[in-house]
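Take a look at the following structure, please.
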Amino acid sequence: MAQPKETFPIPACPACGSTRIRAVREDWSNDYAGKRYVVKNLRYFHCPQCGEKVYDPSAMRRIQAASPAFAELPQARKTA
């Protein structure tokens, strides 16, 4: 049985209330401790009114997987 796709509707920007917020897909980059890292083809929501960026859980997992900051943390144990 197919799993339902994760949805993350954003009707308005949580920072400014603009309804112009839109989903974008692009390469996303950041720096941590002088190290540049990139997440290719990341989907997130961007508000052209105020510049706010909103990330759904899937985007956050991809950012965390690429981030050197999270690589330094001990891995959480998985439970049954």
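Residues in region 63-79: is at least one surrounded by 11 or more Cβ atoms within 10 Å (Cβ to Cβ), assigned to a loop (DSSP other than H, G, I, E, B), at pLDDT below 95 and of a type in the set (Gly, Ala, Ser)?
yes
Further question on the same structure: Of all residues in region 26-61 being of a type in the set (Gly, Ala, Ser) and surrounded by 11 or more Cβ atoms within 10 Å (Cβ to Cβ), which is nearest to CYS13 (Cα to Cα)?
It comes out as ALA59.
What's the total number of residues in region 32-56 that are modelled with pLDDT of 95 or more, of a type outside the set (Phe, Trp, Tyr) and in a strand (DSSP E or B)?
Adding up the residues that qualify gives 9.
The values are calculated or read from the model by the stated rules, or taken from the named source; none is laboratory data. Nothing here was measured: the structure is a model prediction, and the numbers come from that model. Heads up, the Cβs are rebuilt from the backbone with ideal geometry, glycines too, and the neighbour counts pull from every protein chain shown.
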